[in-house]
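Quick notes on the structure that follows.
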C-alpha cells in the first residue's frame, strides 16, 4: 500500500505522534493504518493525551529577549518532574515557545482563556459587519460562528501555526514533545513586552521582523 502524505497526517492526528514516527510506523506495517497505530503504542510514542491528566507542577520560568531588545517574553512551562525541567530537549522546547510568543503576539494560551465579554464584543462586531455586507439573515449565525473560531485561533497560542514549522500548530508541537519526553507538559502562562507599547509613535511592525528572524 502506498504511504501518502495524507495517510501520515491522518495517523499523526489520531496518535499525536511526530510525522517521522508516523511515517516509520506505516513503513514498518506496510501501510496498514490500524497496525501502525498499534506499532506506535507498542513503542510508547502514541497518545500523549493520556499523560495530559497528570499533575505538572515543576518546570521553568523562562525569559527571552529578541536581538535588538525591542521585544521580550516571560514564559512559564510546567513539567511533572524537576529532572525533565533540566532536560536540554525540554529547555529547547520552552525557548521555541517563547520565541513564537515574541514573533506572533498571541493574547491567550488557549481558547478557554478568552473572557466571555471579549467573545461577546467580537461577536457583536462581526454580526454588525456581516449585516453591513448584506449577508442573508438566516446565514448570519453560521457565518459568525466560523469567524469567531478563526479569530480565537489567531489570538490563542496553542491554536496558532508554529512559527518555525507552520505545518504544525503549537498544540501539535506540544503533544509531540509530551510523547518524546514521556511526561505531561503544560504551557501555563506568558507575558509579552514590546518596547514603547501603548505610546503613540512611528509605526514599526516589530512582531513581523521577529517572525522573519525566527523562521530564517
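Below is a table of values for the structure above.
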read-out	value
Complete set of residues in the stretch 79-101 that are under 17 Å from residue 179 (Cβ atoms) and touching a residue at least 40 places away in the same chain (Cβ under 8 Å)	79, 80, 81, 84, 87, 89, 90, 93, 96, 97
Residue list for the stretch 179-195, restricted to those being modelled with pLDDT of 90 or more and not in a loop (DSSP other than H, G, I, E, B)	186, 187, 188, 189, 190, 191, 192, 193, 194
Tally of residues being surrounded by fewer than 17 Cβ atoms within 10 Å (Cβ to Cβ) and either at pLDDT below 90 or within 15 Å of residue 100 (Cβ to Cβ) (or both) across the stretch 69-85	5
Residues within the stretch 92-117 that are within 21 Å of residue 193 (Cβ to Cβ) and part of a helix (DSSP H, G or I), tallied	12
Residue match in the stretch 164-178 (condition: in contact (Cβ under 8 Å) with a residue 40 or more places away in the chain, assigned by TED's automatic domain parsing to the domain that holds residue 83 and under 22 Å from residue 70 (Cα atoms))	yes
When residues of the stretch 134-163 are limited to those that are farther than 19 Å from residue 107 by Cα and in contact with a helix residue (DSSP H, G or I) (Cβ under 7 Å, 6 or more places away or on another chain), the one surrounded by the most Cβ atoms within 10 Å (Cβ to Cβ)	144
Of all residues making up the stretch 118-132, the number that are over 16 Å from residue 156 (Cα atoms) and exposed (fewer than 15 other Cβ atoms within 10 Å of the Cβ)	8
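The values are calculated or read from the model by the stated rules, or taken from the named source; none is laboratory data. Computed from a prediction, not measured in an experiment: that's the story for all the values here. Every residue, glycine among them, receives a Cβ derived from its backbone with ideal geometry; neighbour counts consider all protein chains shown.
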